[in-house]
Amino acid sequence: MNVVYNPQSIEKKAQESWEHENLYQVTEDLSKEKFYCLSMFPYPSGKLHMGHVRNYTIGDVIARYQRMLGKNVLQPMGWDAFGLPAENAAMQNNIAPAAWTYSNIASMKQQLKQLGFAIDWSREIATCQPSYYRWEQWLFTKLFERGLIYRKTGTVNWDPIDQTVLANEQVIDGKGWRSGAVIEKREIPMYYFRITQYAEELLNDIDTLDHWPEQVKTMQRNWIGKSEGVTIHFPYTLDDQQAVLKVFTTRADTLMGVTYVAVAAEHPLASHAAQNNSELDAFIEECKRGSVAEADLAVQEKKGQFTGLYVQHPISGENIPVWVANYVLMSYGEGAVMAVPAHDERDFAFAKTYQLPIKQVISIENETFSADSWSEWYADKHRGVCINSESLNSLNHHQAIEKIAALLEEKKLGEKQTTFRLRDWGISRQRYWGCPIPIIHCNQCGDVTVPEEQLPVVLPEDVIPDGAGSPLAKLPSFYETTCPKCHQPAKRETDTMDTFVESSWYFARYACPDASQMIDKRADYWLAVDQYIGGIEHAILHLLYSRFFTKMMRDLNLVHVSEPFQKLLTQGMVTAPTFYRETPEGRKQWFNKTEVDISLDPKGRPISASLIADGNTVAMGGIEKMSKSKNNGVDPQTLIDTYGADTARLFIMFASPPEQSLEWSDSGVQGSHRFLKRLWSFATQHAALIRTQKEKPNAIPSSIKSWWREVQQVIQQTEKDYQRHQFNTVVSGGMKILNLLESLDLSIENNIYYLREGTNILLRILYPIVPHITYTLWEELNFKDSIVTQKSPQADPHALIQDEIDLVLQILGKTRDKITVPAQADSTYIESVVRDHATVAKFTEGRPIKRIVIVPGRLVNVVI
Ligand code: ANZ
Ligand code: ZN
């Protein structure tokens, strides 16, 4: 055994033998309980970053631990391989996105292997491979035929110089990120998934996700955004035609407080009014150009214009003016609102700006309405009662809504209505590096799905996009085809799918990566995923789309679960200090920690920093999430090269619990490394003794009873900690056992047995976290079989029973000493021990004892 801990060589050897023995490859074994442990698959950007390392280490620790519980554990890995960065890299480096992606996959796979993850690589998936996306296309055709996918026009960001559609994140301050051109909104035909058809189920089933973080469930609920309200009709006459303007409201109880109605810029009534009103027309155009993001709408200045039109109040018959307002969304409800400035924040701001009347119709006892306190008036709709509302007066929120709804229904001027914020999912992207949409456009037959035997529609892999327009739309060899129905010349769809589509079902394909159908019955064994691990940034879309796909696939009889992920763990971010200088133009230039010298105060806290290159100071920007933009990343490769994978894994698991953020610390890394070196040298020093297999003593020698009990307590604690994912305290437990082992008196013959046992336990406790060093030591110390096949240690209930306990001895409430008594001792016995105790005699100085108070298991207080 080498006395020096050499992680590079032992890790390489361990990994080679695992790979050689195919240890992590699993098949469906009905005799065993299965455990599907899945970490969100990475986008192959080129190199792992620390967030990946953390994510996959957490997953690997869970997977290895579950395996130690005797389960059949599946831990697969793959690549979310389509997407825009490949196209950008292609333009920059003049390399085809496919080649760039495949080479990134190769290097990241290499890195993952170096970290020693127990991955079943035989199931590897790259979503850009035809063998994967052909099934996505197949599903598309099935859903299209069932009406779960449909085509309609949608609004996109159009860059008039590059002649291309831009994603929202490519539009910066209203301009194209490459061209700088002012972006226009364009209406183009797109394909939509009818996710709204599943809105109710997606919402209700959140209640079944008992092991998801509350925060994620709340985000999902809000995104789906179910509102129960009333659609109210406001009649009007236009060009001698009778019509109604519909609005959706959740506050029908405020109907008598309506002082205007507002419609979205895209509303037909707005267009009608603009026909002979150029000022209004210009305003509408301005609104249409603005952002469509809801978050932007919430903060933007409330603007509007009067249309010159009036509608009638459905109850009072009064004339109500119609405005166009920029805060009304065409895509929500009816694209129109009844405005109640006294009780709605946005309406209030708008009414103030345009001096529209404000009429209070809800009253809260002992509070008076004024323009300064209005915000309290809409905040709590459940406290007030109606006033100034004729027959509604003195009714509360619910009563008033019921009454209004009934009144309106009778007059045929309204009905109760459930509305969702969730919109159908538009998946067409005018991009090259994505899954081609399997539709053929025929002049005769319309949109025809590509027949199954013609799938996949293969994406040509040798294209280098130039940034102007969609490359596929410029490739006749791709789009020229014949109609599968009438066999006339026809044109292939040249849009590709949103890359969220690939990640919505990859977890099911891992169960049967080579199936000659989309998903086969092996998925029934593996699904649902038992534990899913990933970043909180996917709390909404990715998880919602995956849930939606699972329900659709269930309805197509492909899978037989309704939810994809049983338990969800959202890992915290990895943070690190930042350093910067301000440039003359006022921009911040960020420096990596490797470029600066940091001075520390006596307590080791940083006080100032200077740039190594010029010796001048740089500002300290605080602890931030590791990111390229702040240049505060730590390269995992350097870490692995310097200290080895086990140190990286140990530091990450020890520094903080998985859900919290992890602050990078070089000294923490070094500390972790030192612990592993200590473990190694302890084992090598005592290797000969540990290897000797002593008989188990008949009874635990009394000299070691409490020592052994402490070991058992650690086992018990780490079991709990593994279950609740508190890996940092598992590590502390391991450290404690190493301390205990080091304290053993090895000159006592009997202790040799406990040395071997304790080391065996320690290795098994640490194995899921640092598999290489424990694997190697297990072998070197001649323990049975391989550690990979071992069970996690179980506490011995007998050894846990304490036969003696310590009680704190207090005299007049002051701690003076402790006494040792049998764990089962009754109060008479304890009292007799106390009365005879030397410390008691010393402090009572002959005064009589009045009382002895016993707090069982904890202390004794002597009152004199
Ligand atoms: C009158 C009213 C009075 C409203 C009041 C609120 C408070 P949730 O709960 O999120 O569904 N609204 C309806 N359609 C809209 C649209 N297309 N664009 C912008 N706002 C719209 O919100 C429902 C409320 O949002 C509705 O109730 C409506 O304003 C507004 F004291 O109607 B309310
Ligand atoms: Zn045809």
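The values are calculated or read from the model by the stated rules, or taken from the named source; none is laboratory data. Predicted, not measured: the structure shown is a model, and the values here were computed from it. Ideal geometry is used to build each Cβ from the backbone, glycine not excepted, and the neighbour counts take in all protein chains shown.
A few points about this structure:
- The one condition from (1) surrounded by 13 or more Cβ atoms within 10 Å (Cβ to Cβ); (2) charged (D, E, K, R); (3) farther than 29 Å from Lys403 by Cα that Arg251 does not meet is (3).
- The residues of the range 231-263 that are within 11 Å of ligand 1 (Cβ to nearest atom), of a type outside the set (Lys, Arg) and part of a strand (DSSP E or B), listed by number, are Thr231, Ile232, Val247, Phe248, Thr249, Val261, Ala262, Val263.
- Take the conditions (1) at pLDDT 90 or above; (2) under 31 Å from the mean Cα position of the chain (by Cα); Pro189 misses just one of them, which is (2).
- Enumerated strands (runs of 3 or more DSSP E) restricted to the range 547-611, each holding at least 2 residues that are closer than 20 Å to Glu624 by Cα and touching a helix residue (DSSP H, G or I) at 6+ places or on another chain (Cβ under 8 Å): 565-571, 574-582
- Restricting the first member to the range 322-338 and to residues that are farther than 19 Å from Thr254 by Cα and in contact (Cβ under 8 Å) with a residue 40 or more places away in the chain, and the second to residues that are among the basic types (Lys, Arg) and more than 6 Å from ligand 1 (Cβ to nearest atom), the beta-carbon pairs closer than 6 Å and six or more apart or on different chains are Asn326/Lys303; Tyr327/Lys302; Tyr327/Arg346.
- In the range 468-481, of all residues being touching a residue at least 40 places away in the same chain (Cβ under 8 Å) and not in a helix (DSSP H, G or I), the one that is nearest to ligand 1 (Cβ to nearest atom) corresponds to Ser470.
- Any chance Val258 is within 33 Å of the chain's Cα centre (by Cα) and either touching a residue at least 40 places away in the same chain (Cβ under 8 Å) or under 19 Å from Thr419 (Cβ atoms) (or both): no
- Within the range 411-446, the set of residues being in contact with a Gly (Cβ under 7 Å, 6 or more places away or on another chain) and more than 16 Å from ligand 1 (Cβ to nearest atom) comprises Gly426, Trp433.
- Scan of the range 564-593 for residues that are loosely packed, with under 10 Cβ neighbours inside 10 Å and either in contact with a Lys or Arg (Cβ under 9 Å, 6 or more places away or on another chain) or β-branched (Val, Ile, Thr) (or both), ordered by number: Thr583
- His487 satisfies every condition listed in (1) free of Cβ contacts under 8 Å to residues at least 40 places away in the same chain; (2) part of a loop (DSSP other than H, G, I, E, B); (3) away from ligand 2 (no atom under 16 Å from the Cβ); (4) not aliphatic (A, V, I, L, M) except (3).
- In the range 447-459, residue nearest to ligand 1 (Cβ to nearest atom) [restricted to those that are in contact (Cβ under 8 Å) with a residue 40 or more places away in the chain and not in a loop (DSSP other than H, G, I, E, B)]: Asp447
- Failed item, numbered, when Phe651 is tested on (1) in contact (Cβ under 8 Å) with a residue 24 or more places away in the chain; (2) surrounded by 19 or more Cβ atoms within 10 Å (Cβ to Cβ): (1)
- Residue within the range 415-434 that is within 16 Å of ligand 2 (Cβ to nearest atom) and of a type in the set (Ser, Thr, Tyr) present: no
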